[in-house]
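Q: Would you mind keeping the following structure in view while I ask a few things?
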């Protein structure tokens, strides 16, 4: 019995073994920071209840964070082409901790916007550096697996923070921000310790990073990559409706309480935690391009499921469908970016990719809620399916080019 249990445990752990040390360092960093307390999700309530900010102004103040994250995503990636990514990761995480600590204090309202911009800048800048440190040292065949492990760490931390954040919010929202600040400082200290005590190789692409980056191609001059990103911007706008308009639809049309939105997000997180690594390990076998495009297609199809009936079953089926799409698309897209950026200014490529992903928060909720409010849910869900098809068509040729064997 003990032998069988040991064999089972070894099989379960096998997919997580054998990766470079820096992968595990960044996975632990993601887990620590995301266990802090979901501070950003409590920001609207914090501003409205503690500072009496009207809802309209709350939205504008939240966009300051989104703008900072958008700019920070690209700048963080571009800086990693010039400076050691390990140092940048510590600096950005420390800045995130400082901004969260400021938000936990009774600062005047006028100071919130610049602090939110700083928070967005530091969070956005950390993401491409975090991905680069975790993925670049890996063999190409295992990069999707490393990306999957990052996503598992993120969602595990998110699940824990849902409990800690809700508990601390009962005693005051400032405790949530303080908890998040402590987690960010903890992640910073972990990286300082880990990179000092574990031998870390920056990967085969590290020697290609010149001091000035002048002779390597920038993503801004790469039409193939830019076209793929245009498709990504459309695809992420479709996916984002899960966070913005889905709750309105469930309440108005399915007459489900707000707790159901929590159930659906819990299901999404559970699927990512349990399935992301096994799926990521098979991305190369199934076909990177096929997985990327299938993921977008499933996102569009998932909203059509909502038109088939009424009740919790259809909401659950929609969540399962869009989650499978997310499980396929995310590691495949990162693989494509890593492949396209080989021998180029990888930091800028990763930064622009993350900026495109983060930028959806500036337009997707506004477009979705406007269509929902003016034309209704049926038009919105049909529009999501059409938009997903458009994204697939835009990305089809760029993906083919990226996957073509290099000419000798």
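Q: Could you list, in sequence order, all residues of the stretch 238-263 that are under 18 Å from the mean Cα position of the chain (by Cα) and modelled with pLDDT of 85 or more?
A: Residues of the stretch 238-263 under 18 Å from the mean Cα position of the chain (by Cα): 238-244.
Of everything in the stretch 238-263, those that are under 18 Å from the mean Cα position of the chain (by Cα) and modelled with pLDDT of 85 or more turn out to be 238, 239, 240, 241, 242.
Q: Hey, can you tell me all the residues within the stretch 20-52 that are part of a loop (DSSP other than H, G, I, E, B) and either at pLDDT below 80 or touching a helix residue (DSSP H, G or I) at 6+ places or on another chain (Cβ under 6 Å) (or both)?
A: If we filter the stretch 20-52 for residues that are part of a loop (DSSP other than H, G, I, E, B), which is where we start, we get 20, 35-38, 52.
Selection gives 35, 36, 37, 38.
Q: Can I ask one more? Would you confirm, using the coordinates I've provided, whether residue 327 is surrounded by 13 or more Cβ atoms within 10 Å (Cβ to Cβ) and under 30 Å from residue 282 (Cα atoms)?
A: In short, yes.
Q: All but one of (1) buried (at least 17 other Cβ atoms within 10 Å of the Cβ); (2) under 28 Å from residue 379 (Cα atoms) hold for residue 255; state the number of the condition that does not hold.
A: (1)
Q: Would you point out which residue out of 142, 127, 132 is in contact (Cβ under 8 Å) with a residue 24 or more places away in the chain and out of contact with any helix residue (DSSP H, G or I) (no Cβ under 6 Å at 6 or more places or on another chain)? Talk me through it step by step, then tell me what you get.
A: Details: 127 fails: out of contact with any helix residue (DSSP H, G or I) (no Cβ under 6 Å at 6 or more places or on another chain); 132 fails: out of contact with any helix residue (DSSP H, G or I) (no Cβ under 6 Å at 6 or more places or on another chain).
So the residue among 142, 127, 132 that is in contact (Cβ under 8 Å) with a residue 24 or more places away in the chain and out of contact with any helix residue (DSSP H, G or I) (no Cβ under 6 Å at 6 or more places or on another chain) is 142.
Q: Here's another thing I want to ask about it. Does any residue in the stretch 146-161 that is on the phi > 0 side of the Ramachandran plot come within less than 8 Å, Cβ to Cβ, of a residue that is buried (at least 20 other Cβ atoms within 10 Å of the Cβ) six or more places away or on a different chain, and which pairs are these?
A: That search, which allows pairs on different chains as well, returns nothing.
Q: Would you tally the residues in the stretch 244-261 being in contact (Cβ under 8 Å) with a residue 12 or more places away in the chain and within 23 Å of residue 360 (Cβ to Cβ)?
A: Looking only at that region, the number is 8.
Q: From the list 269, 289, 347, 343, which residue is under 25 Å from residue 129 (Cα atoms), in contact (Cβ under 8 Å) with a residue 60 or more places away in the chain, loosely packed, with under 15 Cβ neighbours inside 10 Å and not assigned by TED's automatic domain parsing to the domain that holds residue 146?
A: Working: 269 fails: loosely packed, with under 15 Cβ neighbours inside 10 Å; 289 fails: loosely packed, with under 15 Cβ neighbours inside 10 Å; 347 fails: loosely packed, with under 15 Cβ neighbours inside 10 Å.
So the residue among 269, 289, 347, 343 that is under 25 Å from residue 129 (Cα atoms), in contact (Cβ under 8 Å) with a residue 60 or more places away in the chain, loosely packed, with under 15 Cβ neighbours inside 10 Å and not assigned by TED's automatic domain parsing to the domain that holds residue 146 is 343.
Q: Let me ask something else about it. Can you find even one residue in the stretch 65-79 that is exposed (fewer than 15 other Cβ atoms within 10 Å of the Cβ) and not assigned by TED's automatic domain parsing to the domain that holds residue 338?
A: Taking the stretch 65-79 first, the residues exposed (fewer than 15 other Cβ atoms within 10 Å of the Cβ) are none.
For the stretch 65-79, residues exposed (fewer than 15 other Cβ atoms within 10 Å of the Cβ) and not assigned by TED's automatic domain parsing to the domain that holds residue 338: absent.
Q: Hey, another quick one. Is it fair to say residue 106 is closer than 19 Å to residue 349 by Cα, surrounded by fewer than 24 Cβ atoms within 10 Å (Cβ to Cβ), over 16 Å from the mean Cα position of the chain (by Cα) and at pLDDT below 90?
A: Values: closer than 19 Å to residue 349 by Cα: no; surrounded by fewer than 24 Cβ atoms within 10 Å (Cβ to Cβ): yes; over 16 Å from the mean Cα position of the chain (by Cα): yes; at pLDDT below 90: yes.
No: the conditions fail for residue 106.
Q: Restricting to the stretch 186-237, give me the number of residues that are modelled with pLDDT of 80 or more and either surrounded by 14 or more Cβ atoms within 10 Å (Cβ to Cβ) or in a helix (DSSP H, G or I) (or both).
A: Within the stretch 186-237, the first condition is being modelled with pLDDT of 80 or more, and the residues that meet it are 186-198, 217-237.
Keeping just the survivors that are either surrounded by 14 or more Cβ atoms within 10 Å (Cβ to Cβ) or in a helix (DSSP H, G or I) (or both) gives 186-197, 217-237.
So the count comes out to 33.
Q: Residue 311 fails exactly one of the following numbered conditions: (1) in contact (Cβ under 8 Å) with a residue 40 or more places away in the chain; (2) in contact with a helix residue (DSSP H, G or I) (Cβ under 9 Å, 6 or more places away or on another chain). What is the number of that condition?
A: (2)
Q: When you scan the stretch 308-317, do you find a residue that is surrounded by 14 or more Cβ atoms within 10 Å (Cβ to Cβ), out of contact with any strand residue (DSSP E or B) (no Cβ under 9 Å at 6 or more places or on another chain) and under 30 Å from residue 339 (Cα atoms), even just one?
A: no
The values are calculated or read from the model by the stated rules, or taken from the named source; none is laboratory data. Everything quoted here is computed from the prediction, not taken from an experiment. Please note: Cβ atoms are built from the backbone with ideal geometry, for glycine as well, and neighbour counts cover all protein chains shown.
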